[in-house]
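Asker: Take this structure first; my questions come after.
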Amino acid sequence: ENDRLALDCQIQSNPSTIEPITWLKNGQLMTGINSPSLTLQTIKRSDEGAYTCMTSNSIGRGQSSVNIRVQYAPIIRLTGGGIISENKRLILACIVDAYPTVDSYEWYKNDEKLNISPLTSSFIIEKISKDDAGIYACSARNTLKFLNGSSMEKFDKSQARVTVEYAPIVTSLTPILAMDLFTLNIKLQCDVDSYPESTIVWTFNDRQIFLSNKYSIIKNKTSSYLIIQQLQSNFDFGFYSCNASNKLGKNSTLIQLRSKDVPETPTNVNTTSLTYSSISLKWQPGFDGGWPQSYWVSLDNSLSKETNQSHYTFT
C-alpha cells in the first residue's frame with residue numbers, strides 16, 4: 001500500500017497497425033487510458049483486482065491480464081469491552097483486516113503483556129471478577145514481502161476498557177469499640193467497595209438510623225461514618241450495622257459499641273519456638289475493653305513477666 005504501481009503492455013503484431021489500447025479493471029473499462037503503460041502513483045487497497053490490456057489489428061484481438069494484490073499493515077478493532085457484571089463471561093475479540101494475514105497476536109492488560117498464545121485472536125474469562133477490570137489491548141503483526149526479497153514487519157494495536165459491576169464488600173477496621181458513658185462525638189466507620197456505587201443505611205439494634213440532633217452521617221466515595229453526638233445512656237450501647245446495597249446485591253458489617261470494661265482473656269496460646277534454653281509463646285489478644293492492655297506470662301506458676309506484646313520468650 002502507498003507504493004507506485006506501473007504496468008506495461010508489450011505488444012507484438014503483424015500487421016503492426018493496431019487499434020488504440022484499452023485497459024480494464026475487473027472486466028470494467030478504464031476510461032481515459034490508451035497508452036501501453038498504466039501507472040498508479042500511490043496504490044490503495046481499493047486498487048486491488050485483475051487488470052487487462054487489450055488491443056486488436058485486422059487479424060484479431062489480443063489481451064493480457066495480471067492480478068494485483070495490495071499488501072497492507074493490520075487494522076484492528078477490539079470488541080467486547082464495556083460494563084460487565086461479576087461472574088459473567090467476558091469475550092474480547094481482535095478483529096483484524098490485513099494482507100498478508102496476521103503472523104502473531106499479543107494481549108495486554110493495563111500495559112502489561114499477558115501470557116497468551118501468539119495465535120490467539122480472542123481473550124476469554126469464563127467468570128469475571130472485579131480484579132479483572134482494566135484496559136485491555138490487542139496487538140497484531142504481519143510481514144510485507146517485496147519483489148527484491150526484502151520484508152517489513154507491520155503492526156497495529158487497539159484497546160478497550162472493561163468495567164466490572166459487583167456487589168458491595170463492607171468492612172470495618174474496628175468491629176468492637178469501647179467508650180465511657182457521656183463520651184462526645186463517637187465516630188463509627190465502615191468501608192464499602194462496590195460498583196456501581198452503593199446506597200448505605202445505618203441501623204442500631206436492627207432499626208434504621210435517621211439524621212437527627214443525636215446522629216449525623218458523613219459519606220465519601222469509599223467510606224461512611226456514623227457520628228453519635230453523645231452517649232446519653234446505657235441504651236446507646238449495642239450493635240450498629242452498616243448496610244450497603246446496589247443492583248448486584250447487598251452486604252453489611254456489625255460494629256459493637258460497648259462500655260469500657262476489663263479486657264477479655266487471650267486465646268490460642270501456642271509455642272512458636274522451643275530450644276534447650278528458651279521457649280517462645282504467642283497468643284491471640286482478646287478485646288482490650290477500651291483501655292491499653294498488658295499481659296502477664298508465667299513459667300511453672302513462679303516466674304511471671306509483664307509485656308504489652310502478644311508474644312514472649314523465656315530464656
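The values are calculated or read from the model by the stated rules, or taken from the named source; none is laboratory data. This one's a predicted model, so the numbers in the text were calculated from it and none came from an experiment. Cβ sites come from the backbone with ideal geometry, for glycine too, and all protein chains shown count toward neighbours.
Asker: Being loosely packed, with under 14 Cβ neighbours inside 10 Å and either hydroxyl-bearing (Ser, Thr, Tyr) or under 18 Å from residue 70 (Cβ atoms) (or both) is true for just one of 151, 121, 139. Which residue is that?
Answerer: Going through 151, 121, 139 in turn, the sole match is 151.
Asker: What are the residues in segment 255-279 that are exposed (fewer than 14 other Cβ atoms within 10 Å of the Cβ), among the aliphatic types (A, V, I, L, M) and under 26 Å from residue 175 (Cβ atoms), if any?
Answerer: 262, 269, listed by residue number.
Asker: How many residues are on the phi < 0 side of the Ramachandran plot, at pLDDT 95 or above and in a loop (DSSP other than H, G, I, E, B) if we restrict to segment 85-101?
Answerer: 3
Asker: Let me ask you something else. Considering only residues of segment 128-151 that are in contact with a strand residue (DSSP E or B) (Cβ under 7 Å, 6 or more places away or on another chain) and part of a helix (DSSP H, G or I), which is farthest from residue 169 (Cα to Cα)?
Answerer: 132
Asker: Restricting to segment 203-258, and then to whatever is among the charged types (D, E, K, R) and not in a loop (DSSP other than H, G, I, E, B), can you tell me which residue is nearest to the chain's Cα centre (by Cα)?
Answerer: The residue in question is 250.
Asker: Further question: Check whether at least one residue in segment 23-44 is of a type in the set (A, V, I, L, M, F, W, C) and in contact (Cβ under 8 Å) with a residue 40 or more places away in the chain, and report yes or no.
Answerer: Taking every residue of segment 23-44 in turn, at least one turns out to be of a type in the set (A, V, I, L, M, F, W, C) and in contact (Cβ under 8 Å) with a residue 40 or more places away in the chain.
Asker: Right, next: If you take the residues of segment 154-176 that are assigned to a strand (DSSP E or B) and aliphatic (A, V, I, L, M), which of them is surrounded by the most Cβ atoms within 10 Å (Cβ to Cβ)?
Answerer: 170
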